[in-house]
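Undergrad: Can you read through this structure? Questions will come right after.
The numbers here are math on the coordinates, done by the rules we state, and not lab data. Since we're looking at a predicted model, the values are computed, not measured. Cβ placement follows ideal geometry from the backbone for every residue including glycine, while neighbour counts extend to all protein chains displayed.
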Amino acid sequence: MNNNNSKNAFKQAQEVIPGGVNSPVRAFKSVGIDPIFVKKAKGTTIWDIDGNEYTDFVASWGPLILGHAHDDVLKAVAEAAANGTSYGAPTQIETEMAEQIVKMVPSVEKVRMVNSGTEATMSAIRLARGYTKRELIIKFAGCYHGHGDSFLIKAGSGAITLGLPDSPGVTKSTAKDTLTADYNNLDSVCQLFDKHPEQIAAVIVEPVAGNMGVVPPAEGFLQGLKELTEKHGALLIFDEVITGFRLAKGGAQEYFGVMPDLTTMGKIIGGGLPVGAYGGRKEIMDILAPIGPVYQAGTLSGNPLAMAAGLTALKKLDETPNAYEDLEKKAAFVEAGFRLNAEELGLNVVLNRVGSMMTAFFTEAKQVTSFDEAMTSDTGKYAEYFKNAVENGLYIAPSQFECLFISMAHTEEDLEKLIKGNRKALEAIK
Ligand code: KE4
């Protein structure tokens, strides 16, 4: 496969952008090849600047559940742009967007728009601290909640991909306010509450971990967190930046039937444009400025183009009959194909899936139900697998610790190609 243009583009980019990328995981560092520079995408196909064509299963790390450049999204953005791109003043589409989110996400009564998942999680913990008048938060090792200082403690996603779970630049005084527990281990959370009585403002959790690879919540784990936070007067924050609008209209909280106090959202909510949001009960949200004392702001929050893209995407998900049943069927078909391939080749691959998000862990472990087990993965093997998958025209995550996403746009042909490509890539690493 000819990648000369991408190679040259990468060299040029590295002269003026740190690592040549605007987000570390894009650099393909952990898979040991130069990144692909994208020219365009439509539906489930991506074309790179060398003219190579790929079927995409990264979906821009989750947002593109409708597929790339969806006609309705493009139309909505173009119409919005014709009226201006930003006003810094309230618009009715922001209200419409908020009403749509309130309609879809069961625990959300009020919502504030921001510009990224990071902004959403940073704001949510500030709100939780302001509401509870407490300072400590609990996160889980291997979970990733964006690059806010409070979260770069044993973080997942790009931080573990690059082996940087704790980042320089995060001050000791900040780090001390973030306690880490073990995912799927309620006892580790109990111990922190017992050790820090009445000091913990919130527990923030990915209701399905996506940033250590997909690790589903153990039976009772989410409900247990709900009970523990209620018992100790702390807030439960579901970071649904990945799971929101993906696992169900109402995200993981609808899928598992556990209601958090606050929900952070991103990715799908923007329809491919920069949008984040956080929401919850009125009594919590109403302590936010300008009515309350907890401050949070943003020049481009609720941007009309981003609202047009996001609202179109959410309405499509809300109004397409059987959207989530169809996603489940497609993803189950892929899971079955992956399992059969590994079985027939006698390879030990642990495949975790919830709805349309899944990860194949290249590990000798029999299961991956925790961060420690996820970390037994052979990232070198994954890198070889990745290279072969790309050679077979599959664009999958350049990291063992990310998700493969199925979208509404994926056709049966796309899924057959994925399963065939998976088999060829497995044969290559056997
Ligand atoms: P952003 O600031 O990247 O929009 O969202 C941060 C974030 C928050 N919470 C969860 C559960 C997330 O997964 C993310 C971001 N996800 C990563 C990939 N897993 C973004 C990809 C990247 O960093 O380039």
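Undergrad: Only bridges whose two residues both fall in the chain count here: according to DSSP, what percent of them are antiparallel, nearest 5?
TA: Percent antiparallel among DSSP bridges in the chain is about 60.
Undergrad: Averaging sequence separations of C-alpha pairs under 8 Å and six or more residues apart, then dividing by the length of the stretch 1-135, give the relative contact order as a whole percent.
TA: On the way: 95 pairs, mean separation 17.5, N = 135.
Rounded, it is 13 percent for the stretch 1-135.
Undergrad: Describe numerically, in nm with one decimal, the distance between label points set 7 Å from Cα along Cα→Cβ at residue 175 and at residue 89.
TA: My value for the distance between the label points is 4.8 nm.
Undergrad: Summing +1 for each Lys or Arg and -1 for each Asp or Glu, what net charge is found among the other residues whose Cβ lies under 14 Å from the Cβ of residue 332?
TA: That works out to -1.
Undergrad: Compute, for the chain, the length of the dipole vector about the Cα centre, with Cβ point charges of +1 (Lys, Arg) and -1 (Asp, Glu) only. Units Debye, rounded to 20. Write down the numbers at each step before the final one.
TA: On the way: 41 positive and 52 negative charges, 140 e Å.
Here the chain has a charge dipole of around 680 debye.
Undergrad: Sticking with this structure for a sec: Counting other beta carbons within 10 Å of each residue's own, what order do 307, 285, 357, 1 fall into, fewest first? Before the final figure, lay out the partial values.
TA: Numbers: 307 29, 285 21, 357 25, 1 12.
Ordered by Cβ neighbours within 10 Å, fewest first: 1, 285, 357, 307.
Undergrad: While we're here: Let me have the relative contact order for the stretch 71-319, percent, based on Cα pairs under 8 Å that are six or more residues apart. Don't skip to the end; give the middle numbers.
TA: Numbers: 503 pairs, mean separation 74.8, N = 249.
Dividing the mean separation by the residue count of the stretch 71-319 yields 30 percent.
Undergrad: Now a separate question. Could you give the distance between the Cα centres of the stretch 124-172 and the stretch 371-430, to the whole Å?
TA: Between the Cα centre of the stretch 124-172 and that of the stretch 371-430, the gap is 28 Å.
Undergrad: Where does the chain land on the Kirkwood hydrodynamic radius, alpha-carbon pairs, in angstrom?
TA: Taking the inverse mean of 1/r over all distinct Cα pairs, the chain comes out at 22.0 Å.
Undergrad: Do you know the relative contact order of the chain, to the nearest whole percent, from alpha carbon pairs under 8 angstrom that are 6+ apart?
TA: Reported relative contact order: 22 percent.
Undergrad: State the extension gain, in nm to one decimal, for the chain segment bounded by residue 162 and residue 428, taking 0.36 nm per residue of separation less the distance between their alpha-carbons.
TA: On the way: separation 266, 0.36 × 266 = 95.76 nm, distance 2.45 nm.
Once the chain is fully extended between residue 162 and residue 428, it gains 93.3 nm.
Undergrad: Given springs between every Cα pair under 10 Å in a Gaussian network model of the chain, which of 236, 162, 66 has the largest fluctuation?
TA: Between 236, 162, 66, it is 162 that shows the largest mean-square fluctuation.
Undergrad: Sorted from largest down, what three extents in whole angstroms do the Cα atoms of the stretch 36-155 have along their principal axes?
TA: That works out to 54, 39, 27 Å along the principal axes.
Undergrad: How large is the charge dipole for the stretch 1-63, taken about the Cα centre, if only the Cβ atoms of Lys, Arg (+1) and Asp, Glu (-1) carry charge, to the nearest 20 debye?
TA: That gives the stretch 1-63 a dipole magnitude of about 100 debye.
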